[in-house]
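Let me begin by presenting the structure, written as structure tokens, before commenting on it.
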Amino acid sequence: MGNRQLSDLISGRGSPSVGLMKSRSKVEDALKLFHRAEYEGWLMTADALAGSVTRDLAEAGDLLARLQADGFAQVSGREFVLTDSGRRYALQVVRAHRLFETWLARETGTSAPEWHRKAEVAEHTLTAEDTEALSAQLDHPRFDPHGDPIPTRHLTLPELGEVALLEVEPNTVVQITHIEDEPPEVFRRIASTGLAPGIILRVGRIGKNEVEIEAESRTHRLSRAEAGHVQVLPVREEIIQPGWVRLSDLSVGESAEIKALSAVCQGSERLRLLDLGVVPGSRVRVDLSGPFRSPRGYRIRGTLVGLRNDQADNIFVNKEDGI
């Protein structure tokens, strides 16, 4: 799928008529909510639908009737559940949404808080063929930039296994698997700390109002509301070892060995650094610095490379004397 077509989806050009889109969007949004309830293990009711997709219970009732008439949902005891065809339809929409978010994160300058909002529009216009082409263009990613698994082309998902950061015992080492992107204001606050899926952290103090964590050699304090939006899995050890520092912490003239790239550094930015020789084992020396310390000149494999501080922040090194 071409970048021009994808850009059209961002701007809304080439979309179906407004009336048709609203009708289709309601159905697909409802199916996504059904799937979320099924995946996370909570009851899907008319009240839940009214609180998330429709304006009131009356509209929710009409939408549920339509889903049943179309063969996408059915009643089971005290709840509504997806039929096989409804589940496949829901997973196709989820797949389109998460692939589009991944494309925004990797290939465009779209800010993180905007990924979800734009994907909420694009998911209703991408066809199955568009979605497969986009997946191929991105080399079939398994997870979106929030850490959510992307349904496979066979429309399957892995079982849930993560827990909320709030549920983890102090001094436990965990890896972030997912950061909930709604409500947007909470996601923005979390994103501003530099936390992202893939980062390994150690849980510190869990207080009445906040949770203290150490991630990639920096200490962060999250409110309990923010910590509740971060999903994690236990891991055996921290990737960032004691004694490692960020490249941006070095002074002019200091040398070090490159050890790792931060999990925050993804997509084209990560590929560019790798192409420049920023790989584990490479030697780096700070050769030049401007009046504001950004950008600075780093000697990597005999080549002088200019990096901004926010780029050097994502490179972990071990200082070596006398190199």
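Bear in mind these aren't lab numbers, they're just calculated from the coordinates by the rules spelled out. What you see is a predicted model, and the numbers here were worked out from it, not measured in a lab. So basically every Cβ, Gly included, is an ideal-geometry build from the backbone, and we count neighbours across all protein chains shown.
Taking every Cα-Cα distance in region 3-137 and sorting them into 5 Å bins from zero, the calculated P(r) comes out as 2, 10, 19, 21, 18, 14, 10, 5, 1, 0 percent. Remark: region 22-27, residue by residue, has Karplus-estimated 3J(HN,Hα) of 4, 5, 5, 4, 4, 4 Hz, where x stands for each Gly or Pro and the curve is 6.51 cos²θ - 1.76 cosθ + 1.60 at θ = phi - 60°.
Hey, what's the Kirkwood Rh for the chain if you take every pair of different alpha carbons, in angstrom? Every distinct Cα pair counted, the radius reaches 22.0 Å. Only lysine pairs 8 or more places apart or on separate chains count here, and in the chain those with Cα atoms under 28 Å apart total 5. Taking 0.36 nm per residue of sequence separation and removing the Cα-Cα distance, the residue 255/residue 235 pair yields an extension gain of 4.1 nm. In order along region 186-199, the phi-based Karplus estimate (6.51 cos²θ - 1.76 cosθ + 1.60, θ = phi - 60°) of 3J(HN,Hα) comes to 5, 4, 4, 5, 5, 4, 5, 7, x, 6, 7, x, x, 6 Hz; Gly and Pro are listed as x.
Placing a label point 7 Å from the Cα of residue 212 along the Cα-to-Cβ direction, the residues of region 180-204 whose backbone N falls under 18 Å of that point are 201-204.
Taking the Cα atoms only, what angle lies between the long axis of helix 128-137 and the longest principal axis of the chain, rounded to 10 degrees? Compared with the principal axis, the helix lies near 10 degrees.
In this label model, residue 223 and residue 137 are separated by 3.7 nm, measuring between points 7 Å along each Cα→Cβ vector. Whole-Hz Karplus values for region 36-52 come out as 4, 4, 5, 5, 8, x, 10, 6, 9, 10, 4, 4, 5, 5, 5, x, 10 Hz, taken residue by residue from phi with 6.51 cos²θ - 1.76 cosθ + 1.60 and θ = phi - 60°; glycine and proline positions read x. Placing +1 on the Cβ of each Lys and Arg and -1 on the Cβ of each Asp and Glu in the chain, which of 273, 302, 155 has its Cα farthest towards the positive end of the resulting dipole? Among 273, 302, 155, the one farthest towards the positive end of the dipole of the chain is 302.
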